[in-house]
Amino acid sequence: MTLPVRAIGTPLDRFDGPAKVTGTARYAFEHPVDRPAYLFPVQATVAVGRIVAVHTEPASREPGVLAVLTPENAPRVASFDDPEVVILQNHEVAYRGQFVAAAVAETSEAARRAAELVRVDYQAGPHDVELRADHPDRYAPEVMNGGFATDSLRGNPEAALADAAVRLDATYTTPWYQHAQLEPHSTIARWADGRLTLHVASQGVHRLRESLATLFGLDPERIRVISPHVGGAFGGKLHTHPDVVLAVLGALAVPGRPVKLALTRQQMFSQVGYRTPTVQRVRLGAGPDGRLVAVSHEVVQQTARHKEFAEQTATPTRVMYAAPHRSTTHRLVRLDVPVPTIMRAPGKTPGMYALESAMDEMAIACGQDPVEFRIANEPPLDPELDRPFSTRNLVGCLRDGARRFGWAGRDPTPGVRRAAGGWLVGTGVAASMYPVYRLPGSSATIRLEPDGRYTVSIGAADLGTGTWTALTQVAADALGVLVDRIVLRIGDTDLPAAMAAGGSSGMTSWGSAVVEAAGRLRARLAAEQHDPVPADGIEASAEMPPNPHREHFSMYAFGAQFAEVRVHEATGEVRVPRLLGVFAAGRIINPKTGRSQLLGGMTMGLSMALHERCVLDPRFGHVVNHDLAEYHIATNADVGRVEVHTLVEDDPYVNPMGSKGIGELGIVGTAAAIANAVQHATGVRVRDLPITPDRFF
Ligand code: MOS
């Protein structure tokens, strides 16, 4: 194969693809280690309570059992700052399923058998696990995920809404969505010679190392985290969860032995985080011309009693549409549940379901086409910060999508199109958006080797997204060489520190560091004589520089999502034969892996719209549908044609590559496009996800 001189923009196959499809790429649990021991957790059977006694006697007598860890004998932690990961340190139970003990044994079967023999006595207390919008204890959090303000207010939305010619006041709900990566959370931990070595499925090795160093009071230099391949993450493998900590406790209990822990699918439903359920009231007011005068978005959602997580659900409403009067609020309810966490486009995904459903309802109320209604309310500047967007091509996405989808001439009348077999047919549209984040703390080292290749080292992560390939393309262009001269090393704390993969900021943060290091190396090579290259090579390092344009522009990627649905008149079954997305996300580094990212996001949005929902049993406080047989995720048969298009967008302000993040953009808006199409098909406005058959009868 001839490689192009300019790698960015080329649809290269992923370099790690052959290793993955032939099974030779090693995931965390598969790493070969000497004399592994296996850990199996014991989980709390009450949602609130106190552990009165832990009976370990029969368990520790089982053949092959090396240790039975309990709150009495488990190794102690040094920091109590993150209550989510302070496990086996006290006798309090904060949620059902919490780890309260564990067995370590020679085989996984023996560990599981021993864990089942551990008996725990509790003094149970009353629990509260149900989110209600009118919960008397709801409160305004001080700190929101992502650093956003809890509330925003401009003008007088209450008065403007009261005076508006056209008004909408609607409440939308989204359920509890569980992280369900293909690769369950897994860890191998080994404690030997005062050093901790971990193979973990992680979105960021340096971030994980820092959190464990703090928790266990260890010098970070004594911890090494290795994570070259990750089988899906979506935010669930970014923050440190109890599973890694339990594996470390196990390793400390049996020094020298590598301790392996892979969560079962059922354990994941209480251990690795989830997207909070939301109750969202959206009020829109418009003049007789269909121009918005007021936008209000009030969110109630849950957090855990033992640790706060506040999702930024209404924040897209601060950016999307022009209106002089506007407000957003976030309120939390503390419940006796596991801690919610980030999940693909946290905040934006549930928030844009509500806002973009409301925009569809408002377009209908104003007698306008939903594409034209959005375009008419396009803000010339960021509507709350009064500054320009670096680039904003929502209108371009809507127009291009409408053309490709065949939107022109659409009859807005609901419930009148029929296809053979008793199906009602409808089409819908929604907008998508995602911020361009840039997280500090990434550095890269590039070394020119004597053989003429360049070793590029950075503690970045490839979650299955194609980072390995795309970042190699960035390095090749920055060094002015072909990609086959680049050897990229990622996923190891022995490499230069890098930010975790989060907020779709990986390419911006790591790519900027790589470009900076490449510039330094090229300058060094130009200034010095190196012929031949010495045996230990010539290297240069750099940190990601700050972006001088950051304060002057609002930076977002945008998109338009179109959906065609069929709803069966007799059964209420919803099918989505066609999704079409057009996205403006700056320069696409690798159109092949980039398309997969957007397509995957849209598919996850379809899954959110029609299938996914955790069902809680309020009597006990746990998710009852805690496996992939009952927690439904869209399968191949649920997904029809999915088209992904990107607009050419030249943004000189975001970063040296001109790229915006695409890992999360594709999921935002999809559920609203489907819900809007369902309304067009049936005349029924579903304001509560998922759109299951019972919503129609
Ligand atoms: Mo993503 S939810 O920011 O890992």
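The values are calculated or read from the model by the stated rules, or taken from the named source; none is laboratory data. Predicted model, so just to flag it, every value in this text is computed and none were measured. Neighbour counts run over all protein chains shown; Cβ positions are idealised from the backbone, glycine included.
Observations on the model:
- Residue within region 150-166 that is outside any strand (DSSP E or B) and under 25 Å from the mean Cα position of the chain (by Cα) present: yes
- First in region 531-554 and closer than 18 Å to ALA513 by Cβ and without any contact (Cβ under 8 Å) to a residue 40 or more places away in the chain, second anywhere and crowded, with 16+ Cβ neighbours inside 10 Å and small (Gly, Ala, Ser), Cβ under 7 Å, 6 or more apart: PRO545/SER512
- When THR329 is tested against (1) in contact with a helix residue (DSSP H, G or I) (Cβ under 7 Å, 6 or more places away or on another chain); (2) more than 25 Å from LEU263 (Cβ to Cβ), just one condition goes unmet, and that condition is (1).
- Residue in region 1-18 that is of a type in the set (Ser, Thr, Tyr) and closer than 26 Å to LYS260 by Cβ present: no
- Leading residue by the ranking (nearest to the ligand (Cβ to nearest atom)) among those in region 484-540 that are of a type in the set (Val, Ile, Thr) and within 23 Å of ARG6 (Cβ to Cβ): THR508
- Every residue from region 224-260 that is touching an Asp or Glu at 6+ places or on another chain (Cβ under 9 Å), more than 16 Å from the ligand (Cβ to nearest atom) and closer than 27 Å to VAL615 by Cβ: PRO242
- ARG374 vs. criteria within 16 Å of the ligand (Cβ to nearest atom), surrounded by 20 or more Cβ atoms within 10 Å (Cβ to Cβ) and either farther than 22 Å from GLY155 by Cα or of a type in the set (Lys, Arg) (or both): no
- Restricting attention to region 614-670, the residues being among the aliphatic types (A, V, I, L, M), over 30 Å from LYS592 (Cα atoms) and in a loop (DSSP other than H, G, I, E, B) number 3.
- The criterion of at least 2 residues that are assigned by TED's automatic domain parsing to the domain that holds THR329 is met, among strands (runs of 3 or more DSSP E) falling completely within region 240-317, by 278-286, 292-304.
- Of all the numbered requirements in (1) within 30 Å of the chain's Cα centre (by Cα); (2) without any contact (Cβ under 8 Å) to a residue 24 or more places away in the chain, GLU130 misses one, and that requirement is (2).
- Annotation: of all residues in region 108-126 being out of contact with any strand residue (DSSP E or B) (no Cβ under 6 Å at 6 or more places or on another chain) and surrounded by fewer than 17 Cβ atoms within 10 Å (Cβ to Cβ), the one that is farthest from PRO338 (Cα to Cα) is GLU109.
- Test: ARG291 is in contact (Cβ under 8 Å) with a residue 12 or more places away in the chain and away from the ligand (no atom under 16 Å from the Cβ): yes
- Test for ALA402: is it assigned by TED's automatic domain parsing to the domain that holds ILE588, surrounded by fewer than 16 Cβ atoms within 10 Å (Cβ to Cβ) and either among the aromatic types (Phe, Trp, Tyr) or not in a strand (DSSP E or B) (or both): no
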